[in-house]
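Report on the structure given below.
The values are calculated or read from the model by the stated rules, or taken from the named source; none is laboratory data. Here the structure is a predicted model, which means the values were calculated and not measured. FYI the Cβ positions are ideal-geometry reconstructions off the backbone, even for glycines, and counts take in every protein chain you see.
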C-alpha cells in the first residue's frame, strides 16, 4: 500500500521524499480516523470528523504542492501564494458552514478532524528528533 500511495504522490509532482512522507502519513491518519469514527461514534460526530479530516487533508495536500512549486520560482511567487491562500480559505469556510448548518456536523468533531494535521506534524517531528539522536 505504501508503494501505491508513493507512486500516486510522485506522479502528482511531489518530488521531495519528506513531503511525500508527510502526505502519506496524513492520508493514513485520515483514513484510520474515518474508519474509527464511523464504527464508534454517533452520526453527527462521524460527519464532523470526516469533513474535518478530509478538509484538512486536502488543504495539506494543496499547501505541500504549492510550496514545492514556489521554491523554484525566482520572481512573482507572492501572487500565486496569496491567491491560493484566499481561495482555500473561502472554500474551507464554505464547506465548514455547509457541514455545520445543513449536515448537522458536530463542531468539536470538526475541530478534532482538522487537528489530525497537527498529530501528523508531531509524529514527523518526533521521527526527525529520533533520527538526529541516532546520528549523534
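Being modelled with pLDDT under 95, closer than 18 Å to residue 12 by Cα, in a helix (DSSP H, G or I) and in contact with a helix residue (DSSP H, G or I) (Cβ under 7 Å, 6 or more places away or on another chain) narrows it down to one of 70, 81, 96, so name that one.
Exactly one of 70, 81, 96 is modelled with pLDDT under 95, closer than 18 Å to residue 12 by Cα, in a helix (DSSP H, G or I) and in contact with a helix residue (DSSP H, G or I) (Cβ under 7 Å, 6 or more places away or on another chain), namely 70.
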Out of all the residues in segment 18-38, is one or more within 25 Å of residue 110 (Cα to Cα), exposed (fewer than 15 other Cβ atoms within 10 Å of the Cβ), more than 17 Å from the chain's Cα centre (by Cα) and at pLDDT 85 or above?
yes
Would you mind stating whether residue 101 is out of contact with any helix residue (DSSP H, G or I) (no Cβ under 9 Å at 6 or more places or on another chain), over 24 Å from residue 2 (Cβ atoms), exposed (fewer than 14 other Cβ atoms within 10 Å of the Cβ) and modelled with pLDDT of 90 or more?
yes
The lone exception for residue 59 - which of (1) touching a residue at least 24 places away in the same chain (Cβ under 8 Å); (2) farther than 22 Å from residue 3 by Cα; (3) over 15 Å from the mean Cα position of the chain (by Cα); (4) part of a helix (DSSP H, G or I) it fails
(3)
Determine whether residue 64 is surrounded by 14 or more Cβ atoms within 10 Å (Cβ to Cβ), over 28 Å from residue 10 (Cβ atoms), modelled with pLDDT under 95 and in contact with a helix residue (DSSP H, G or I) (Cβ under 6 Å, 6 or more places away or on another chain).
no
